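Encoded as structure tokens, the structure appears first; notes follow it.
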Amino acid sequence: MRPTAALALALAALPAGAQDCPPSASSEGVYRPAMTRRGPGPSSAAGISVATFQAWSPPDGVEDDRVRGRDGPIDPREARAATLEGDLWRVKRGSDGCELLLELSATRAGRDSPHVIAVIPSAPGYAEARSAIEAAVGMSAGRRSRRVELREPVHVRLTGYLFWDGARWCAENPGRGCDRRADVVASLWELHPVWRVEVEGGAVTEARSTGRRGRASRRRERHGSERRSSER
């Protein structure tokens, strides 16, 4: 997945300020914000597969809500960065209007195969990574565009921290949780936050922390095969 000069020039023409997001989103109501809004990590990391996410068990002790709610690592795996390569089928904007929730399958596994989640947060320094995904799937910037579901996937490679999302956990289905996407999303293990985005065909975007607010470098690509939806 190598960017081309032509694509880089085209993507640079997209407006840098297209995101309709506050300069710094509040952490109020965010699950384990110290973990999900960690600053960007390394540019490269060991690869991980959708099947690995699916096979992993929950951290020890998560039946206790005090463990699930701890705003720090609750499993040694959460200290690790990883790179996930796969097919992106769905992008949903979070309730704050900024965060992006991505659903990926294994490469060429098909829409109906198990998905895992990767999240680009609303924290400062991640705006360009969000913009790269919006451009790749043809999602309008800002709060009005809530969800995109693709007829054909976009192949991506994402790097971020491993994270277990106990906000979706339930005792009846401890591996997948009990939210409305549990029949599709095969694991509560995620990449969250994601700071490096590579889109097949040309886009490489990486958030880089420079002190408190951070900055990001950007290359973005628009993908032509998509279906938009403004409904949840």
| request: Find the residue count for region 176-232, including only residues that are part of a strand (DSSP E or B), at pLDDT below 90 and among the small types (G, A, S). | output: 5
| field | Residue within region 108-122 that is buried (at least 22 other Cβ atoms within 10 Å of the Cβ), assigned to a loop (DSSP other than H, G, I, E, B) and among the acidic types (D, E) present | value | no
| Odd one out for C21, checked against (1) surrounded by fewer than 19 Cβ atoms within 10 Å (Cβ to Cβ); (2) of a type in the set (A, V, I, L, M, F, W, C); (3) modelled with pLDDT under 90 | (1)
| task | Please go through region 86-99 and pick out each residue that is modelled with pLDDT of 95 or more and in contact with a helix residue (DSSP H, G or I) (Cβ under 8 Å, 6 or more places away or on another chain). | result | G86, L88, V91
| message | Would you confirm, using the coordinates I've provided, whether V67 is under 23 Å from A207 (Cβ atoms) and either in contact with a Leu (Cβ under 6 Å, 6 or more places away or on another chain) or aliphatic (A, V, I, L, M) (or both)? | response | no
| Extreme residue, nearest to G201 (Cα to Cα), among residues of region 125-165 that are surrounded by fewer than 20 Cβ atoms within 10 Å (Cβ to Cβ) and modelled with pLDDT of 90 or more | H155
| task | May I ask you to list pairs of residues, at least six apart or on different chains, whose Cβ atoms are under 8 Å apart, with the first in region 152-180 being under 20 Å from T36 (Cβ atoms) and the second being of a type in the set (A, V, I, L, M) and modelled with pLDDT under 90? | result | R168/A182; R176/A182
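Just for region 53-82: of the residues that are of a type in the set (A, V, I, L, M) and within 16 Å of R32 (Cα to Cα), which one is nearest to the chain's Cα centre (by Cα)?
Going residue by residue through region 53-82, those that are of a type in the set (A, V, I, L, M) are 55, 62, 67, 74, 79, 81-82.
Then drop every residue that is not within 16 Å of R32 (Cα to Cα), which leaves 62, 67, 74, 79.
Details: V62: 23, V67: 24, I74: 20, A79: 17 Å.
Ranking the candidates gives A79 first.
The values are calculated or read from the model by the stated rules, or taken from the named source; none is laboratory data. All values derive from a computational prediction rather than experimental measurement. Positions of Cβ are generated from backbone atoms using ideal geometry, with glycine treated the same way; all protein chains shown enter the neighbour counts.
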